[in-house]
Amino acid sequence: RQGIGEPSVYHAVVVIFLEFFAWGLLTTPMLTVLDQTFPQHTFLMNGLIHGVKGLLSFLSAPLIGALSDVWGRKSFLLLTVFFTCAPIPLMKISPWWYFAVISMSGVFAVTFSVIFAYVADITQEHERSTAYGLVSATFAASLVTSPAIGAYLSQAYGDTLVVVLASGVALLDIGFILLAVPESLPEEMRPVSWGAPISWEQADPFASLRKVGQDSTVLLICITVFLSYLPEAGQYSSFFLYLRQVIGFSSETVAAFIGVVGVLSILAQTVVLGILMRSIGNKNTILLGLGFQILQLAWYGFGSQPWMMWAAGAVAAMSSITFPAISAMVSRNTDPDQQGVVQGMITGIRGLCNGLGPALYGFVFYLFHVELNEMAEVETLGKASKPNMANPTDESSIIPGPPFLFGACSVLLSLLVALFIPEHSLALRSGSHKKHSTGAQAHPHSPPAGGSDGKEPLLEDSSV
């Protein structure tokens, strides 16, 4: 085998940590570059950039998953990490090319899908949820630490050093994959010829979505996921920019906010989630998580003071229990041979939201004329001012964050739909889906690879 030792979960953990650590370092410099490159309609352009990236990821993930079943995981880990990190050095070379390449990199920005397939190759079914939890926890840890480090280095030594360091970490990740990561897909599982055919059903990103309506319970769950994750995906793309330039947070405060809420969300998804599942049950935990999300989004929408953002952030950490609770409900109540089909549908819905959410948020900011002043004004005026309003007499003086209120309404609809989900009857009709693949992997141990990663902590950096 190429690489160091036998393939293990720890190889996957290192790959994920280095990639997202590199992008987390860039949180502060990226906000500055975004404002300088698009001084007009900054939120709209930010939403469009990340919307294009998310939609491209959704469309390409099944094909990359299917190809990795044929050609092996290592080559596609190398491909996805390389193209996902390719925009990093362009931040200081050419900002326009930087944002253009970020949008186009969505075609390959599906590292998690390949990582989950890698883990599935080397673990037994009873070990898999623990292994996925380790990968997701590593992802969260990288984003808890790196923005604070990047903000400190940016303040002390300038953005150029941060970009150089992030580029170095990305190169280290690529080198680690080349030299240390062994191939996980057994030789006998790969076709002899590299020209092995890939069926359209394997590469079709909408294959799993078309199966949604075949079971009423699955349909209710997918509608719940869509209505609740759409505003969450939009929030990922714009919230740090919103904190920095609308609320007036400094770059250090933004980094501290990411760290604190990230730690709280990890605790919520581990300790609190387990207690709630045992005490109030699966469905009630989902409803409680949606309730916290409504409160969080409404608070973000009406909040205009820094303390309000901190309070809402604590509520946001509790809202992160929703998706793990939904996944647990599906896992517990679906026939064993139907797990991949249903999880694939849910993951596909989230992938679609990753494209639609940022664009929707950017468009609503644009409609309500929430514009930005120059970054220098934010720095010099300090926290006592509100540098967000292009015109203090317009709607934005009353509702600083209109998209968050739209999001709260969407999650309220999601809560109403979730009320009708039966807690113990999620069993697909026998044989109705058995001939379908998840639209991504042909390998029997591989998890579904939708357009989004199935498990994401609250503070995902959408620049990745």
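The values are calculated or read from the model by the stated rules, or taken from the named source; none is laboratory data. Being a predicted model, the structure only gives us computed values, none of them experimental. When we count neighbours, we look across all protein chains shown, and the Cβ atoms used for this are built from the backbone with ideal geometry, even at glycine. Ligands, DNA and RNA are excluded from the accessible area calculation, which covers all protein heavy atoms including side chains. Shrake-Rupley method; radii C 1.70, N 1.55, O 1.52, S 1.80 Å.
Taking region 1-42 only, how many residues are under 26 Å from THR160 (Cβ atoms) and of a type outside the set (Ser, Thr, Tyr)?
As a first pass, look at region 1-42 and keep what is under 26 Å from THR160 (Cβ atoms): 17-40, 42.
Still in the list and also of a type outside the set (Ser, Thr, Tyr): 17-26, 29-31, 33-36, 38-40.
Within region 1-42, residues that are under 26 Å from THR160 (Cβ atoms) and of a type outside the set (Ser, Thr, Tyr) number 20.
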Just the residues that are of a type outside the set (Val, Ile, Thr) and in a loop (DSSP other than H, G, I, E, B), please, taken from region 97-124. PHE108, ALA109, GLN124
Report the residue count in region 174-208 for those that are modelled with pLDDT under 75, over 15 Å from TRP71 (Cβ atoms) and surrounded by 18 or more Cβ atoms within 10 Å (Cβ to Cβ). 1
Cβ pairs under 9 Å, 6+ apart or interchain, first in region 121-136 and open to solvent by less than 40 Å² (accessible area, probe 1.4 Å), second at pLDDT below 70 and small (Gly, Ala, Ser), ordered by first then second residue, are ASP121/SER446; TYR132/GLY454; SER136/GLY454
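Can you find even one residue in region 327-348 that is under 25 Å from PHE58 (Cα atoms), at pLDDT 80 or above and crowded, with 19+ Cβ neighbours inside 10 Å?
We begin by selecting, within region 327-348, every residue under 25 Å from PHE58 (Cα atoms); these are 327-331, 334, 337-348.
Subset that is at pLDDT 80 or above: none.
No: region 327-348 contains no residue that is under 25 Å from PHE58 (Cα atoms), at pLDDT 80 or above and crowded, with 19+ Cβ neighbours inside 10 Å.
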Within region 156-173, can you find the residues that are open to solvent by less than 30 Å² (accessible area, probe 1.4 Å) and touching a residue at least 12 places away in the same chain (Cβ under 8 Å)? VAL162, VAL163, ALA166, SER167, VAL169, ALA170, ASP173
Restricting region 276-322 to residues that are touching a Ser or Thr at 6+ places or on another chain (Cβ under 7 Å) and at pLDDT below 90, the residue that is surrounded by the fewest Cβ atoms within 10 Å (Cβ to Cβ): MET277
Which of the residues spanning region 209-221 are in contact (Cβ under 8 Å) with a residue 12 or more places away in the chain and surrounded by fewer than 16 Cβ atoms within 10 Å (Cβ to Cβ)? GLN214
Contact list, first residue from region 228-241 and in contact (Cβ under 8 Å) with a residue 12 or more places away in the chain, second anywhere and surrounded by fewer than 24 Cβ atoms within 10 Å (Cβ to Cβ) and not in a helix (DSSP H, G or I), beta-carbon distance below 7 Å, six or more apart or interchain, is TYR236/GLU460; TYR236/SER462; SER237/SER462
Could you give me the residue pairs with C-beta distances under 8 Å whose first residue belongs to region 2-19 and is assigned by the TED database to the domain that holds PRO182 and surrounded by fewer than 23 Cβ atoms within 10 Å (Cβ to Cβ), whose second residue is part of a helix (DSSP H, G or I) and basic (Lys, Arg) wherever it lies, and which are 6+ apart or on separate chains? GLN2/LYS74; GLY3/LYS74
Limited to region 44-99, what total is found for residues that are touching a Lys or Arg at 6+ places or on another chain (Cβ under 9 Å) and either open to solvent by 20 Å² or more (accessible area, probe 1.4 Å) or in the same structural domain as LEU230 (by the TED database) (or both)? 1
Of the residues in region 29-43, how many are part of a loop (DSSP other than H, G, I, E, B) and open to solvent by less than 10 Å² (accessible area, probe 1.4 Å)? 0
